[in-house]
Amino acid sequence: MRIHRVLTGLVLLTSTLLTAPPAAAAPSRTATVHEGSGDDVFRVKTTKDRGIMKITHTGEQNFAVWSLKPGGDKNDLHVNRIGDYSGTVVYNLYGWHKTSAFEVNADGDWKIEIKPITSAPLWKTATVRLSGDRVLKLPAPTKGLRTMRYRHAGDANFVVYAFPGTGNPSLLVNKIGKVSGKVAIPAGTRYVSVSANGAWYLVRK
């Protein structure tokens, strides 16, 4: 009788293990690094998740980085600069974007570190002073009426986007050259991206 009970228990346990659904895989939070020199295309696991790329390039000519759709068509142009470059940009800006690869056009050495957007540096204090392309994470999603004052000292495009935790971004600023002003920040904003070729500061209230 004891042997029969043990065997019955083993059969039930085996049946449970075989029929139980596999645990859902947690989203990857690990950065992946891609390095090269000159023109190249590298594949990534196809994703619609929004992420950031920390990019560096050492060269003298045009440097461009595109994200590519699963079919190979170009998705977004993320960087288009001349010479050396160092900055952080967002990919999969909109919900309908899907990325399967990245195309790099360069004349020198480059490095691209791909991370989830949740790993963006924290915008801790009201005022932040930086330069170039950056992505920042607010301590918490904004609530109610909030504003942002900005100033840019460069001579090219100055573009600022506000991103909610999920959903499509809002374009806050799109100017050229030395500019300053004040804009409203949409409720629910969790991340801010800045595209610039000079020094800038943002003040949120």
Exercise. Pick from the stretch 150-174 the residues that are among the small types (Gly, Ala, Ser) and more than 19 Å from Asn80 (Cβ to Cβ): which of them is farthest from the chain's Cα centre (by Cα)?
Worked result: Ala153
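Could we say that Ser180 is surrounded by 13 or more Cβ atoms within 10 Å (Cβ to Cβ), under 20 Å from the mean Cα position of the chain (by Cα) and modelled with pLDDT of 95 or more here?
Details: surrounded by 13 or more Cβ atoms within 10 Å (Cβ to Cβ): yes; under 20 Å from the mean Cα position of the chain (by Cα): no; modelled with pLDDT of 95 or more: yes.
Criteria not met by Ser180.
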For this session: Please enumerate the residues belonging to the stretch 81-107 that are within 17 Å of the chain's Cα centre (by Cα), assigned to a strand (DSSP E or B) and polar (S, T, N, Q).
Result: Ser86, Thr88, Thr99, Ser100
For this session: Looking only at the stretch 138-153, count how many residues are assigned to a strand (DSSP E or B) and surrounded by fewer than 19 Cβ atoms within 10 Å (Cβ to Cβ).
Result: 4
Exercise. Any residue at all in the stretch 130-138 that is in contact (Cβ under 8 Å) with a residue 40 or more places away in the chain and small (Gly, Ala, Ser)?
Worked result: yes
For this session: Kindly provide the set of residues from the stretch 90-110 that are surrounded by 15 or more Cβ atoms within 10 Å (Cβ to Cβ) and touching a Ser or Thr at 6+ places or on another chain (Cβ under 7 Å), ordered by number.
Result: Val90, Tyr91, Asn92, Lys98, Thr99, Ser100, Phe102, Gly108, Trp110
Exercise. Name the residues in the stretch 126-145 that are over 18 Å from the mean Cα position of the chain (by Cα) and basic (Lys, Arg), would you?
Worked result: Arg129, Lys143
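The values are calculated or read from the model by the stated rules, or taken from the named source; none is laboratory data. Note that the structure is predicted; figures quoted are calculated from it, not measured. Note that we place each Cβ from the backbone using ideal geometry, even for glycine, and neighbour counts take in every protein chain shown.
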